[in-house]
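Undergrad: Sharing a structure below in structure tokens format, with a few things to ask.
The values are calculated or read from the model by the stated rules, or taken from the named source; none is laboratory data. Small disclaimer: the values here were computed from a predicted structure and weren't measured. In this analysis, Cβ positions are derived from the backbone assuming ideal geometry, glycine residues included, and neighbour counts consider all displayed protein chains. Each accessible area value is taken on the protein alone, full model and side chains, heavy atoms only, with ligands, DNA and RNA left out. Shrake-Rupley method; radii C 1.70, N 1.55, O 1.52, S 1.80 Å.
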Amino acid sequence: MAAPTDRFHPCEAEKLAGTYLELMLQARRNDALRCIQKAIARGASLSDIYLKVLQPVMYETGRLWQINAIDIAVEHYITAATQLTMAHIFPHALSKKRTGKKMVGGCLGSELHQLGLHMLCDLFESEGWDTYFMGAATPGKSFLTVVSDQHPDLLCISVTMQRGVPEARETIELLRAKLGADCPKILVGGLPFILSPGLAAAVGADGTGTDGAQAVALATQLTS
Amino acid sequence: MMKTMLLESAAQLPLPDPALSSLLAQKSAVMAEALTRRMEMRPDLETLIGPGNRGLMATNHINHFEYISTLVSLYDPASFVETVLWALRTYMSRGFTAGYWHAMLPEAQNTAKEHLQQDEYSRISPLYTWLCSHIADFVVISGSTASFYESLSSIQREKHGGAN
């Protein structure tokens, strides 16, 4: 355990994010991972790393692609390398006492952007939930199948592209029609809902969060 | 015109008819192809889109009609404005010019008019009329204002590696 003076302070996160991004842009994946591991060893929480380091890095990576500063291959490299980073630090997510609650999460329809939902699932795990992460491009009907099999307390639907918003509405309508009172609470998330939180109600969800911490807090409230 | 004024203006548009969404989705590939053919007939095309960008242009046309069908299904003025702004900034960073948007949007409107029944087109025409009348504002704003999606980045690094 780090001595008090060596402990990671959340205010260091911004600098760590910049360092991590620079290393990734230099294709120094292993050095980037080591920076994160050092921060964890010094007491950084999973939430600190995910919300204050990795999430800002991924937003900036997307922006760099958008302004044509990096090729899509570089964005894919950073995404894949960040998933590797997350896998390495995931054991730190499992330290809390389990709540007995379960969350199922998936990216709907043709949605390939799964990193945000992956982070969300890990954050739920770090708060003691069990999670069932379905990953990318999950058909709406498959959400029904999995929810019927897994009986979660909560379903999280992730959408990055706007075309996923009507799909989310259709899937939620299907779930509520088929499951009735057995339908779990449903949160939606992703860029369309960060931009316009009111869309969550419009698609029939129980809520949305602008980031993982907010989503976990809302989920805890909804399922208490 | 500032982005906030565009947002306010977009919020005043009549709600499109969601019942049209499926039809638009079905026809989006055909309409995209038709739009691409129209644009390819222009002798000044390369001036408008920059060299080597015909594939990217075709992709934009597909994305355009797919987006319109999504927008009609569940109209969100914030999404409308931010998506147009994001698209301009993305494509213009790859060599597309303002002239492309001034040419493309009226052609997209004409394409929609040709491929839809009169009453179907009339239910989405306010979107196109608004877009065409405000594209100059979008071009101006895109030069200095990031879209919402870009503003999510708190790192805002300088461009990497000297890319254009």
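Undergrad: With a cut-off of 8 Å between alpha carbons and a minimum separation of six or more residues, what is the relative contact order of chain A in percent?
TA: Relative contact order of chain A: 15 percent.
Undergrad: List, by residue number, every residue in segment A:45-70 with a reduction of 50 Å² or greater in accessible area between the chain on its own and the complete protein assembly, 1.4 Å probe.
TA: So the qualifying set is A:TYR59, A:GLU60, A:ARG63, A:TRP65, A:GLN66, A:ILE67, A:ASN68, A:ALA69.
Undergrad: Tell me the Kirkwood radius of chain A: reciprocal of the mean inverse pair distance over distinct alpha-carbon atoms, in Å.
TA: 18.1 Å is the Kirkwood radius here.
Undergrad: With no solvent and one point per C-alpha, what does the Debye sum give as log10 I(q)/I(0) for segment A:101-171 at q = 0.14, 0.22, 0.25 Å⁻¹?
TA: -0.37, -0.89, -1.10
Undergrad: For segment B:87-161, report the translational diffusion coefficient in µm²/s to the nearest whole number, using Stokes-Einstein at 20 °C, 1.002 mPa s, and a Kirkwood Rh over Cα pairs.
TA: 149 µm²/s
Undergrad: At a 1.4 Å probe radius, carbon and sulfur cover how many percent of the accessible area of chain A?
TA: Answer for chain A: carbon and sulfur cover 55 percent of the accessible area.
Undergrad: Suppose all protein chains stay in the model; what accessible area per residue would a 1.4 Å probe give for the protein assembly as shown, in Å²?
TA: Solvent-accessible surface per residue comes out at 45 Å².
Undergrad: Okay, moving on. What is the log10 of I(q)/I(0) for the protein assembly as shown, computed with the Debye formula using one identical point scatterer on each Cα and no solvent, at q = 0.08, 0.10 Å⁻¹?
TA: -0.46, -0.72
Undergrad: Could I ask something else about it? Under 20 °C and 1.002 mPa s, how fast does segment B:24-164 diffuse according to Stokes-Einstein, given a Kirkwood radius computed over C-alpha pairs? Answer in µm²/s, whole number.
TA: My calculation gives 134 µm²/s for D.
Undergrad: While we're on this one: Give me the count of lysine pairs in the protein assembly as shown whose alpha carbons sit under 21 angstrom apart, restricted to pairs 8 or more positions apart or on different chains.
TA: So the count of such lysine pairs works out to 13.
Undergrad: State the dimensionless ratio Rg/Rh of segment B:1-96 (Rg: radius of gyration of Cα atoms; Rh: Kirkwood radius).
TA: In segment B:1-96, Rg relative to Rh is 1.01.
Undergrad: Further question on the same structure: Which value in Å does the Kirkwood hydrodynamic radius of segment A:26-81 take, with 1/r averaged over all unlike C-alpha pairs and then inverted?
TA: 12.1 Å
Undergrad: Tell me which residues come under 5 Å, amide H to amide H, from A:THR138 once H is placed; ignore anything under 5 positions away on its chain.
TA: For A:THR138, the qualifying residues are A:CYS107, A:LEU108, A:GLY109, A:GLU111.
Undergrad: In what sequence, highest mean first, do A:130-137, B:85-92 appear when ranked by Cβ atoms within 10 angstrom?
TA: B:85-92, A:130-137
Undergrad: Right, next: Where a ≥ b ≥ c are the square roots of the eigenvalues of the C-alpha gyration tensor, would you call segment B:78-131 rounded, which needs a/c under 1.5, or, failing that, prolate if a/b is larger than b/c, or oblate?
TA: Oblate shape, in that a/c is at least 1.5 and b/c is the bigger or equal ratio.
Undergrad: If you don't mind, there's one more thing I want to ask. Averaged over its residues, how many other protein chain Cβ atoms are within 10 Å of peptide B:87-94's Cβ atoms?
TA: 2
Undergrad: If each of A:ALA137 and A:LYS178 carries a label point 7 Å out from its Cα toward its Cβ, how far apart are those two points in nm?
TA: Distance between label points: 2.1 nm.
Undergrad: Still on this structure, I have one more. For A:GLN214 and A:ARG34, calculate 0.36 nm times their separation in residues minus their Cα-Cα distance, and state this gained length in nm to one decimal.
TA: So the extension gain works out to 62.0 nm.
Undergrad: Return an integer: the convex hull volume of the alpha-carbon atoms of segment A:21-140, in Å³ per residue.
TA: Residue-normalised Cα hull volume stands at 93 Å³.
Undergrad: Could you state the number of Å between the C-alpha centres of segment A:193-224 and segment B:53-70?
TA: After rounding, the separation between the Cα centres reads 31 Å.
Undergrad: Same structure again: May I ask for the accessible area buried between chains B and A, both sides summed, probe 1.4 Å, to the nearest 100 Å²?
TA: For chain B against chain A, roughly 2700 Å² becomes buried.
Undergrad: Another one. Which of B:ALA11, A:GLY212, A:PRO166 sits farthest toward the positive end of the charge dipole of the protein assembly as shown, with +1 on the Cβ of Lys and Arg and -1 on the Cβ of Asp and Glu?
TA: Towards the positive end, the residue furthest out is A:GLY212.
Undergrad: Now for a separate question. I want to check the label-to-label distance for A:ALA201 and A:GLU75. Put each point 7 Å from Cα in the C-beta direction and report it in nm to one decimal.
TA: Each label point is offset 7 Å from its Cα along the Cβ direction, giving 3.3 nm.
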